[in-house]
Every structure is written in C-alpha cells, then in structure tokens.
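Here is the structure we will look at.
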Amino acid sequence: AQKVTQAQTEISVVEKEDVTLDCVYETRDTTYYLFWYKQPPSGELVFLIRRNSFDEQNEISGRYSWNFQKSTSSFNFTITASQVVDSAVYFCALYSTSGTYKYIFGTGTRLKVLA
Amino acid sequence: DAGVTQSPTHLIKTRGQQVTLRCSPKSGHDTVSWYQQALGQGPQFIFQYYEEEERQRGNFPDRFSGHQFPNYSSELNVNALLLGDSALYLCASSLVGLAGLYNEQFFGPGTRLTVL
C-alpha cells in the first residue's frame with residue numbers, strides 16, 4: 001500500500017529561524033515521484049518540487065532545500081531563515097505507478113511563522 | 001496567462017441534491033484532475049481526464065462523475081449529496097496527459113461545497 005505520513009501537525013517558529021518539515025512515505029514500487037506543495041490561506045496549492053525515485057540528490061532553491069533519503073523513505077523540506085510569508089500548510093505527496101490511489105497526499109503540516 | 005479557474009467559489013446544497021462544479025485548465029494544458037479536500041486533511045484524488053476520457057480514478061463512489069470537453073475544460077458532478085461530501089474541491093491541470101499525474105500540476109483556488 002502507498003502512504004504518506006506528515007507527523008508534524010503544526011509548527012510555530014519565530015521569523016528568521018530555520019524549520020524542517022518531515023515527510024515519510026511508503027511504497028513498494030521502485031519508480032515513484034515525490035512532491036511538496038504549499039497551500040496558503042487562499043487555498044490554492046502551489047507546486048514546490050518534484051523528485052523521482054532514482055534521483056537522490058538534494059536540492060536547494062533559494063531559502064528552500066529538500067533532503068531525499070530512500071534508505072529511510074523520507075523526503076524532508078527545510079526552510080532557512082523563515083519569513084512570515086512562509087506561513088501556510090505544506091503537503092508532501094507521492095505518485096506511484098501501482099495501487100488504487102495513484103496520487104497520495106499527506107495530511108499536511110501547518111507552519112506558522114511569527115514576526 | 002490565465003491559470004486554472006474554477007466556478008463557483010462557494011456552493012451550498014442540501015442532502016440528496018446534485019451538484020456540478022466547473023474547471024478551466026491553464027492555457028495549453030490538456031489534462032484535468034479533481035481532488036476532494038476535507039477540512040484539515042490533504043487532498044484526495046477523485047479522477048483524471050485526458051482526451052475527454054476518465055483515465056484514472058481514486059477510491060470514490062459512482063456518485064462522483066465527470067466530463068471533459070473538447071476545449072479541455074471539465075466538470076465534476078456529484079449526485080445524491082451526503083453531509084460527508086462537504087469539502088473543498090480542487091481542480092488541477094497539467095500538460096501531456098500520457099505522462100500521468102507525475103507532471104507538475106497547477107491547482108485552481110477550489111470550490112467550497114457545503115451540504116446541509
């Protein structure tokens with residue numbers, strides 16, 4: 001079965017702090033894709049990153065970085081020097097090529113960045 | 001360049017009624033997917049349309065049906081509404097339907113459905 005777990009329901013940090021959002025996934029497939037999306041209060045999901053199962057290179061984009069580790073089935077997301085505008089719900093998602101649920105989202109982590 | 005648009009923004013229905021939600025994909029996109037997001041939960045995949053056909057489906061009953069038009073816009077229909085159908089319904093579009101769901105998806109703002 002495929003599953004995405006975001007154990008952190010809500011995180012609060014003070015502006016300029018670094019914060020890491022955890023994502024653990026389960027799949028039996030060897031080919032799969034992992035995503036992070038941001039959902040601000042407006043409700044519209046914003047794509048942040050896609051990573052396929054064969055590419056374990058970490059990625060950095062500005063203040064954002066992602067750490068993909070197949071050995072621990074984790075795809076964690078770090079925001080460096082957080083800003084108030086980073087406040088949102090962040091979802092990790094898995095696309096796998098088998099199973100009834102083709103595209104599975106975690107339950108999300110609500111990040112609150114306080115000024 | 002217009003993004004994904006959805007209508008209506010909000011909708012209130014009573015149990016047993018039927019509802020139709022609409023989605024226009026991002027310009028140039030040919031694939032539309034629908035998701036249901038209950039309060040405090042992650043989106044759940046309902047189905048995906050490409051070339052006017054349902055290509056993939058999540059674990060939703062037949063009360064949920066859809067349609068894609070030649071201009072790639074799409075409708076989501078829900079019959080015999082239940083209280084549990086109250087949720088935010090998100091539409092997402094992507095390019096090159098054969099690539100499936102792992103292409104970058106652009107989401108619309110959603111339709112908030114309340115069933116009383």
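The values are calculated or read from the model by the stated rules, or taken from the named source; none is laboratory data. Remember, it's a predicted structure, so these values are computed and weren't measured experimentally. Note that each Cβ is placed from the backbone with ideal geometry, even for glycine, and that neighbours are counted across all protein chains shown.
Overview of values
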| read-out | value |
| --- | --- |
| Residue list for the stretch A:90-115, restricted to those being β-branched (Val, Ile, Thr) and out of contact with any Asp or Glu (no Cβ under 9 Å at 6 or more places or on another chain) | A:Thr100, A:Ile104, A:Thr107 |
| The stretch A:55-74, residues that are in contact with a strand residue (DSSP E or B) (Cβ under 7 Å, 6 or more places away or on another chain) and among the polar types (S, T, N, Q) | A:Asn58, A:Ser65, A:Asn67, A:Ser73, A:Ser74 |
| Residue list for the stretch B:31-42, restricted to those being surrounded by 16 or more Cβ atoms within 10 Å (Cβ to Cβ) and under 14 Å from the mean Cα position of the chain (by Cα) | B:Thr31, B:Val32, B:Ser33, B:Trp34, B:Tyr35, B:Gln36, B:Gln37 |
| Lone qualifier among A:Ser61, A:Ser82, A:Ser53 - being modelled with pLDDT of 95 or more and of a type in the set (S, T, N, Q) | A:Ser82 |
| Strands (runs of 3 or more DSSP E) lying entirely in chain B (those with 1 or more residues that are over 20 Å from A:Phe35 (Cα atoms) and at pLDDT 95 or above) | B:5-7, B:10-13, B:19-24, B:64-68, B:74-78, B:87-94, B:111-115 |
| Top-ranked residue in the stretch B:43-74 [being buried (at least 21 other Cβ atoms within 10 Å of the Cβ) and not hydroxyl-bearing (Ser, Thr, Tyr); ranked as farthest from the other protein chains (Cβ to nearest Cβ)] | B:Gln68 |
| Selection from the stretch A:9-43 of residues that are surrounded by 19 or more Cβ atoms within 10 Å (Cβ to Cβ) and outside any strand (DSSP E or B) | A:Cys23, A:Thr27 |
| Pair list, Cβ < 9 Å and 6+ apart or interchain, from the stretch A:27-39 residues that are within 12 Å of chain B (Cβ to nearest Cβ) to residues that are buried (at least 18 other Cβ atoms within 10 Å of the Cβ) and of a type in the set (Asp, Glu) | A:Lys38/A:Asp86 |
| Exclusive hit being in contact with a Pro (Cβ under 9 Å, 6 or more places away or on another chain) and without any contact (Cβ under 8 Å) to a residue 60 or more places away in the chain, set B:Gln41, B:Gln36 | B:Gln36 |
| The stretch A:68-115, residues that are free of Cβ contacts under 8 Å to residues at least 24 places away in the same chain and assigned to a strand (DSSP E or B) | A:Gln69, A:Tyr103 |
| Single match in B:Ser27, B:Ser33 (criterion: over 19 Å from A:Ile104 (Cβ atoms) and small (Gly, Ala, Ser)) | B:Ser27 |
| The stretch A:52-67, residues that are in contact with a helix residue (DSSP H, G or I) (Cβ under 8 Å, 6 or more places away or on another chain) and part of a strand (DSSP E or B) | A:Asn52 |
